[in-house]
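Input: a single structure, listed below in structure tokens.
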Amino acid sequence: AMKPTPLLLLAMAALPGLAQTILSPEVGADRRITFRFRAPNAKEVFLAREGAARLPMQKDEKGVWSVTTGVLEPDIYGYSFAVDGVNLIDPLNPVMKPNLLNTTSAVHVPGPASLPWEVNDVPRGTVHRHFYKSAIAGDHRDYFVYTPPGYDPKAKKLYPVLCLLHGFSDDASGWTAVGRAHVILDNLIAQGKAKPMVVVMPLGYGTMEIVSRGAPPLRDPKLRQLSFERFRDALLKEVLPEVGKAYRVSKNRGQRAIAGLSMGGAESLFVGLNALDTFAWVGAFSSGGMGEDLNASFPKLDAKANAQLRLLWIACGKDDRLMDANRKFGEFLKSRGVRYTWIETAGAHTWLVWRRNLAEFAPLLF
């Protein structure tokens, strides 16, 4: 290590901030996290953590606010600081949770290798990013494709395909950047729990207007319907045909699944259940934004679907505000004579639930 020279010591004395570096977040061996935020002039600072109530932070004599959580389950938690009513990311933490409306920081509480999202020493697949101009959405957009370990573009073998959809306000990177879908699949495939599959992760908006800051939100029924229909057309007529040309994927409906979280869960139901000639497997995690008129959204759905559906898997967290809407959708399916698998888990409307949903759903496919 370098010995501090008198000049360096002088500089450090002149810049007291350098000498007292603040560490945040600090994950203890006991799985408690200490968060720190320097804001000498703030009146009040709270920690807002994914899946938990806000915690007030305490200020020390140097103007650094801090709080230590209780013992946390191993996972990846999004968080931000509410500083005098304004939500801010943690400036000391480079790990971000990308989002189109609300970027937050993220912290990993490591756990045993058996957890599906922990990086293990196993063969790794590859995440590819594609850019294209969408004639249907009228913009330039991207999508991600995961190819499993050992994928060979020259081989005769064709792989099954899972279309995996993100939620409202996420971007196309949501399932890899936050959901760790590629890590989960690497682990499940290595353990022989899931079949090697290609995963297509598109941008989930038919119109970007629905996620612009000034626009009416997902609750605007006309805009929501436009977005869902254009998204469906972009997926079926643009993204999947491009993936079909570029990758060794099966065109057989029995080898095609669609699943998603929140808005993406509603889109999976809307697209999948109205296109059973394309998808035999449909999964919906904490679906939101299905609209009031289910008869209009699923005009042809009836008991005939049971012969075509290999799996219709609907999951929701017990503390999720969308639980009622999901139960209502279950009642609608029963009224149409459609069989489905209903899963209730612990948790609210968070990635902590959806990572586990994917780890439970992927092994059931193909």
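Think of each Lys and Arg Cβ as +1 and each Asp and Glu Cβ as -1; about the Cα centre, that makes the dipole of the chain roughly 940 debye.
Bridges between two residues of the chain, per DSSP, are antiparallel at a rate of about 60%. Computed from the Cβ-Cβ distance with R0 of 30 Å, the FRET efficiency linking Asp30 to Leu101 stands at 0.30.
Could you work out the Kirkwood radius for the chain, taking every pair of different alpha carbons, averaging 1/r and inverting it, reported in Å?
22.3 Å
Summed over the residues of the stretch 264-343 and divided among them, the accessible surface reaches 43 Å² per residue at a probe radius of 1.4 Å.
Is the stretch 291-366 best put as rounded, prolate or oblate by its Cα gyration tensor, with a ≥ b ≥ c the root eigenvalues, rounded for a/c under 1.5, and otherwise prolate when a/b is larger than b/c, oblate when not?
On the way: a/c = 2.58, a/b = 1.34, b/c = 1.92.
The shape class here is oblate.
Counting only Cβ charges, +1 for Lys and Arg and -1 for Asp and Glu, the dipole size of the stretch 234-329 around its Cα centre is about 460 debye. Here the gap between Gln58 and Glu242, fully extended at 0.36 nm per residue and compared with their Cα-Cα distance, gives a gain of 60.9 nm. Residues in the stretch 58-109 average 48 Å² of solvent-accessible surface per residue, probe 1.4 Å, ligands and nucleic acids excluded. If you sort Asp324, Asp233 by accessible surface, 1.4 Å probe, largest first, the order is Asp324, Asp233. Dipole orientation for the chain: of the candidates Ser66, Thr345, Val271, Val271 has the Cα lying most toward the positive pole (charges on Cβ; Lys, Arg +1; Asp, Glu -1). Once all protein chains are placed together, Lys157 keeps about 100 Å² accessible to a 1.4 angstrom probe.
Under 20 Å from a label point set 7 Å out along the Cα-to-Cβ vector of Asp319, the amide N atoms of the stretch 76-105 belong to 76-82, 104-105. Put a dot 7 Å past the Cα of Val122, heading toward its Cβ, do the same for Arg327, and the two dots end up 3.6 nm apart. Its relative contact order, with pairs defined as Cα atoms under 8 Å and 6+ residues apart, puts the stretch 278-341 at 45 percent. With 0.36 nm allotted per residue and the present C-alpha distance subtracted, the Ala190-Thr278 stretch has 28.9 nm of extension available.
Using the Karplus relation 6.51 cos²θ - 1.76 cosθ + 1.60 with θ = phi - 60°, the per-residue 3J(HN,Hα) values for the stretch 174-180 come to x, 5, 8, 5, 10, x, 6 Hz, with x marking Gly and Pro.
Whenever you get a sec, compute what percent of the accessible area on the chain sits on carbon and sulfur atoms (1.4 Å probe). Working shown, then result.
On the way: 9610 of 17360 Å².
After summing per-atom areas, the C and S share lands at 55 percent.
Over the residues of the chain, the helix contribution to mean residue ellipticity at 222 nm works out to -7000 deg cm²/dmol, using -39500 (n - 2.57) for each DSSP H run of at least 4. For the chain, the relative contact order is 12 percent, taking Cα pairs closer than 8 Å that sit 6 or more residues apart in sequence and dividing their mean separation by the residue count.
Past the 29 Å Cα-Cα mark, which pairs from Lys222/Lys245; Lys157/Lys300; Lys154/Lys237; Lys133/Lys193? Before the final figure, lay out the partial values.
Details: Lys222/Lys245 34 Å; Lys157/Lys300 35 Å; Lys154/Lys237 25 Å; Lys133/Lys193 37 Å.
Over 29 Å apart, Cα to Cα: Lys222/Lys245; Lys157/Lys300; Lys133/Lys193.
The values are calculated or read from the model by the stated rules, or taken from the named source; none is laboratory data. Just so it is clear, the model here is predicted, and its values are computed rather than measured. Every residue, glycine among them, receives a Cβ derived from its backbone with ideal geometry; neighbour counts consider all protein chains shown. The protein model used for the area step is the full one, side chains on, heavy atoms only, and it has no ligands, DNA or RNA in it. Shrake-Rupley method; radii C 1.70, N 1.55, O 1.52, S 1.80 Å.
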